[in-house]
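Beneath this line is the structure, given in structure tokens, with notes to follow.
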Amino acid sequence: MAGKPQNDNHNADDALADTPALSYRVVTRDQEKQDALHLVADSIAQQRQTASAAIIFNPLCIAGLFAMCAGAYHQYQHAGLGTLMTMICGSIILYLSFVRFYTSGYIQRAEEFKWKDFITGPDGKQDTVIAAVYGDNIIGTVVLRLEGEEINKKKKDAVQPSTVGRGIIRAWTTKMRYRGKGIGSDLLHYAVQTTARAFGPTASVEFDPDHPNSKHPIPDMFLRTFKKRQQRADKALRQALNHQGKPR
Ligand SMILES: CC(C)(COP(=O)(O)OP(=O)(O)OC[C@H]1O[C@@H](n2cnc3c(N)ncnc32)[C@H](O)[C@@H]1OP(=O)(O)O)[C@@H](O)C(=O)NCCC(=O)NCCS
């Protein structure tokens, strides 16, 4: 009887040993940076789905679709059921193709995204790339630009923490299938910690208003979901700052 719990413990230990470790660190090798920034490019392309849904279900666009279908009905109501159904389905296909074409700008932007140019500042210095690493895979990233004179790089007599230094989050992404599990939040906490280490605990951290997920090739009227996401992101960053970068 006493042997069974021991077996269970062994099984549990084995299962844990097989689980890859999740860690957060600043990546320094070019290949790792490229992998991390690949996630950012992917996230730009993924925005197409959200944009398409926003257009497809927009009341004005739906009204347009109904008008097209009504026009097809009016025109072909006496031409037989087959013709009528073909014309109505054709209208729907046309509508969806238009949306697909209209949102293709996201794919183009993702393809044009050059990771090295993106992380290289005007002074030639590269941004800090923080990655969530699960086993051997990079599954999330924050690109952080540290603007100002860092404490440890100042001369010895300058002991005051920098009041002008700030951290700018230029990109923040988690791989699709790992979203909603707290990885993005941990990355923000890590970014806050990294900024505090560079400039002192009072340094500010903010999102770059021109981050890659903020640019949209579609009109403002379809951006409600994206604006809500930005508000959630701002809230998550405020929380990380309130916790001073220590995940709860
Ligand atoms: C934003 C993103 C990085 C969040 O990563 P995640 O691992 O899912 O985040 P977490 O599970 O740790 O959630 C932390 C907080 O992030 C915020 N958040 C979640 N999804 C979000 C989204 N799509 N956009 C903005 N903020 C989001 C929420 O405030 C959440 O806290 P809550 O659950 O209490 O509401 C991820 O959804 C993503 O990669 N999105 C695509 C890229 C993008 O839009 N980046 C934002 C640029 S500002």
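The values are calculated or read from the model by the stated rules, or taken from the named source; none is laboratory data. A quick note: this is a predicted structure, and the numbers were derived from the prediction, not measured. Positions of Cβ are generated from backbone atoms using ideal geometry, with glycine treated the same way; all protein chains shown enter the neighbour counts.
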Taking the range 77-113 and keeping only residues that are assigned to a loop (DSSP other than H, G, I, E, B) and surrounded by 11 or more Cβ atoms within 10 Å (Cβ to Cβ), one is left with Q77, A79, T103, S104, F113
Selection over the range 174-225 where residues are in contact (Cβ under 8 Å) with a residue 60 or more places away in the chain, part of a helix (DSSP H, G or I) and loosely packed, with under 15 Cβ neighbours inside 10 Å yields a count of 4
When you check Y102 against the structure, is it modelled with pLDDT under 95, closer than 30 Å to G184 by Cβ and among the aromatic types (F, W, Y), yes or no?
yes
Scanning the range 200-231 for residues that are β-branched (V, I, T) and away from the ligand (no atom under 13 Å from the Cβ), the one nearest to the chain's Cα centre (by Cα) turns out to be I218
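For the range 114-152, which positions are more than 16 Å from the ligand (Cβ to nearest atom), polar (S, T, N, Q) and loosely packed, with under 14 Cβ neighbours inside 10 Å?
T120, N152
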ask   = Just wondering, is there one or more residues in the range 174-190 that are more than 8 Å from the ligand (Cβ to nearest atom) and closer than 18 Å to R25 by Cβ?
value = yes
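Checking the structure you have, find out if any residue of the range 29-41 is more than 21 Å from R109 (Cα to Cα) and not in a helix (DSSP H, G or I).
Among the residues of the range 29-41, at least one is more than 21 Å from R109 (Cα to Cα) and not in a helix (DSSP H, G or I), which makes the answer yes.
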